[in-house]
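The values are calculated or read from the model by the stated rules, or taken from the named source; none is laboratory data. Since the structure is predicted, the reported quantities are computational estimates derived from the model, not experimental observations. As a convention, Cβ positions derive from the backbone with ideal geometry for all residues, glycine included, and neighbour counts pool all protein chains shown. Keep in mind that these areas ignore ligands, DNA and RNA; they rest on the heavy atoms of the full protein, side chains included. Shrake-Rupley method; radii C 1.70, N 1.55, O 1.52, S 1.80 Å.
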Amino acid sequence: MNRRRLGALVFFAAVSAGSLPAVSQQPVRATHGVSVFDDLRYPEGFTHFRYVNPAAPKGGTIKVRGIDGFDNLNPFILKGVVPLNMGLTFDTLMTRATDESDSYYGLVARTAEIAKDRSWIPFNLRREAKFSDGSPITADDVLFSLNSLVEHGHPRFALSYGRVEKAEKLSPHKVRFTFKPGDNRQMPTVMAGLPIVSKAFFNGKEFDKTTVNPVLGSGPYVVGSFEIGRNITYVRNKKYWGWSLPVNRGRYNFDRVQVEYYRDRGIAFEAFMAGEYDFREEFNANRWSIRYNNDAVSNGRIRRETLPDNRPSGVQAFFMNLRRGKFRDRRVRRALNLAFDFQWTNRSLFYGIYRRTESLFENSYLAAAKAPSEAELELLWPFADKVPPKLSYRAISRAKNGRVRQQPCQSDRGGQIAGTGRLAGAPGTARDSKGRPFRIEFLIPQVGFKRIIGPYQRNLKRLGIDTRIRVVDSANYQQRLLQFDFDIIMRRYGQSLTPGVELRGIYGSKQADVSGSRNYGGIKNPIVDALIEKVIAAPDRQSLITTVRAMDRVLMWNDYIIPQWFKGAHNIAYWNKFSRPKIKPRYDLGVIDTWWVDRKKEAALESDEASGGAPKQ
């Protein structure tokens, strides 16, 4: 076994139960599901999730769109671009219920046995679980999956499973993971989400190589036809071993899930309106407000809906590269934040449908939306010499007429760049701390982003800052992102309702210089690191909320990002051939997961198209 990247991780696969070292003798509870705080909604013996229709008909096709392309069918490595929805072809030990914050229920694993202190967890595998070629899933496959993902997979896997000290085979259908000493509140759910790959499939193959041959999975779909970079079809596996499981009843109803790729978002929109694919979520405010005005929409062949999104809205922002000295002074970052005129942007470009992001956990109970509580202040007190005693943050949305030249200078008593002088001045007159011209380059992969950056760019020029926009193709953009070769980028990432170890990858100092990490800006802050560990160790949900809010305040007060906007809703459009359950999953859109083709609607749609699209009387 290649152990070069394991470092302190030790993964030991015992050949028999008799050779296993003893684990601590403590109370153990067997469970059909796991959650961070043991608050499962569904009891043992439940028949299906409440947000599905267990009698939903199977069949038909749903077509969705992808942007740019793909060149790799191994979704577990850093290299290459993977097509959308590859997760449909792989099972995990347990599967998440999307109407709960963090609960997982038995899939490949029938049950788990959690130590009282959560320091170890065995999973009991189902003997009927199989890969799509009919071969059984065994403990050897689970251990191979873990070792391969950590040693050769995307860096996020080493981060997720980094607290596993030992992985053991207790029997052909039972594995146990023992965690490093410390706080392991979240590790049972982290391990429940472990994807399973076949050890036999990779015999003689290199795990970390890109491939155009599908990796063998065990999920409800298999890869069907595909053209690299252009399209891919996932075919429902009628011999899938898990159709009768409670976690799968009423789910995965389409016979085919087809992804059509387009190089340009505008062309992709026109293709949808022409009926080349069936469903899209609309993220462009201009299109949503004025472009859905053709006959197909007016006569109901295309449906438009806005559905609630109860997840944290995630973070969409301009990310400054703190690895570059020009952005290391907080006063610089604050001034750049002030120069972004959200009110004008929202009104002029987005028809007023957005709200300004003022928290990293917007649209959730985790957001630090009010004055800090006494519990938060107590958490922050040890850092009083580094942050204000009553830390708070409000995104600055000044100058409703778009004239922001004076506003940045109000920040930090003059909005100075590293103390060298006022920002405001003729274009190119601003200087950094070494007297050099202060220049910023926005790196983007889509020319459409220019309309957002352009007005901001003009505001920055009024402040004496020399700016430019560089548009690169998707492959070049991804490569520069991996190498952190940029000044400012526009990115978005999601947040969890139960944040934990993933925060190390998003905000942790150790991940700031790791290629492929989501710490895009290169944040290195010991206060944030300390609060992340307290989040991971929180003993109950209220403690978690308090600590996340304190961390949120520290991050936002430091102006590490220039926050943009959120809306807390899904704007969707689809050709009227689908039906869906009465209850939407609270924390997911649930389209591919729970919708189905309605044969009557599909026939009516085809009839309308045959008659030229005239609405029925």
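Here are a few things to note about the model shown:
- Restricting attention to segment 208-244, the residues that are in contact with a strand residue (DSSP E or B) (Cβ under 9 Å, 6 or more places away or on another chain), charged (D, E, K, R) and assigned to a loop (DSSP other than H, G, I, E, B) add up to 2.
- Condition met for V190 (closer than 25 Å to D140 by Cβ and either of a type in the set (D, E) or in contact with a strand residue (DSSP E or B) (Cβ under 6 Å, 6 or more places away or on another chain) (or both)): no
One line per residue, one yes/no per condition, for (1) over 25 Å from R280 (Cβ atoms); (2) touching a His at 6+ places or on another chain (Cβ under 8 Å):
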residue	(1), (2)
H48	yes, no
V52	no, no
R65	no, no
F76	yes, yes
V81	no, no
T98	no, no
Y104	yes, no
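- When the residues of segment 58-83 are filtered to those that are more than 19 Å from L481 (Cα to Cα) and small (G, A, S), the one that is surrounded by the fewest Cβ atoms within 10 Å (Cβ to Cβ) is G59.
- Candidate set: segment 146-173, residues that are over 26 Å from the mean Cα position of the chain (by Cα) and surrounded by fewer than 22 Cβ atoms within 10 Å (Cβ to Cβ); chosen: the one nearest to E533 (Cα to Cα): E165
- Criterion violated by S517 - all others in (1) small (G, A, S); (2) under 30 Å from D309 (Cβ atoms); (3) assigned to a helix (DSSP H, G or I) satisfied: (3)
- Among the residues making up segment 2-57, those that are touching a helix residue (DSSP H, G or I) at 6+ places or on another chain (Cβ under 7 Å), at pLDDT below 95 and either open to solvent by 70 Å² or more (accessible area, probe 1.4 Å) or not polar (S, T, N, Q) (or both) are R5, L6, L9, F11, A13, V36, F37.
- Selection of first residues in segment 215-235 that are open to solvent by 60 Å² or more (accessible area, probe 1.4 Å) and of second residues that are outside any loop (DSSP other than H, G, I, E, B), restricted to Cβ pairs under 7 Å at least 6 apart or on distinct chains, gives the following pairs, ordered by first then second residue: S225/T233; F226/I232; F226/T233; R230/Y261.
- If the condition is being in a loop (DSSP other than H, G, I, E, B), open to solvent by 30 Å² or more (accessible area, probe 1.4 Å) and closer than 28 Å to G182 by Cα, then segment 102-145 contributes K116, D117.
- G87 falls short on exactly one of the conditions (1) within 25 Å of L245 (Cβ to Cβ); (2) assigned to a loop (DSSP other than H, G, I, E, B); (3) small (G, A, S), and that condition is (2).
- Residue selected from segment 153-170 under the condition among the aliphatic types (A, V, I, L, M) and assigned to a helix (DSSP H, G or I), by the criterion modelled with the highest pLDDT: A158
- Complete set of residues in segment 520-542 that are modelled with pLDDT of 95 or more, over 19 Å from G494 (Cα atoms) and either surrounded by 23 or more Cβ atoms within 10 Å (Cβ to Cβ) or of a type in the set (G, A, S) (or both): A530, L531
- Taken across segment 184-207, residues that are among the small types (G, A, S), in a loop (DSSP other than H, G, I, E, B), in contact (Cβ under 8 Å) with a residue 12 or more places away in the chain and under 23 Å from Y51 (Cβ atoms) do occur, with at least one present.
- Unmet requirement for S517, which otherwise passes all of (1) under 16 Å from S359 (Cα atoms); (2) out of contact with any Leu (no Cβ under 6 Å at 6 or more places or on another chain); (3) buried (at least 20 other Cβ atoms within 10 Å of the Cβ): (1)
- Unique match (being farther than 22 Å from A317 by Cα, of a type in the set (D, E, K, R) and open to solvent by 50 Å² or more (accessible area, probe 1.4 Å)) among K584, K577: K584
- Any hit, segment 548-568, residues being among the aromatic types (F, W, Y) and open to solvent by 40 Å² or more (accessible area, probe 1.4 Å): yes
- When residues in segment 550-570 are screened for being within 27 Å of I488 (Cβ to Cβ) and not in a loop (DSSP other than H, G, I, E, B), 12 of them pass.
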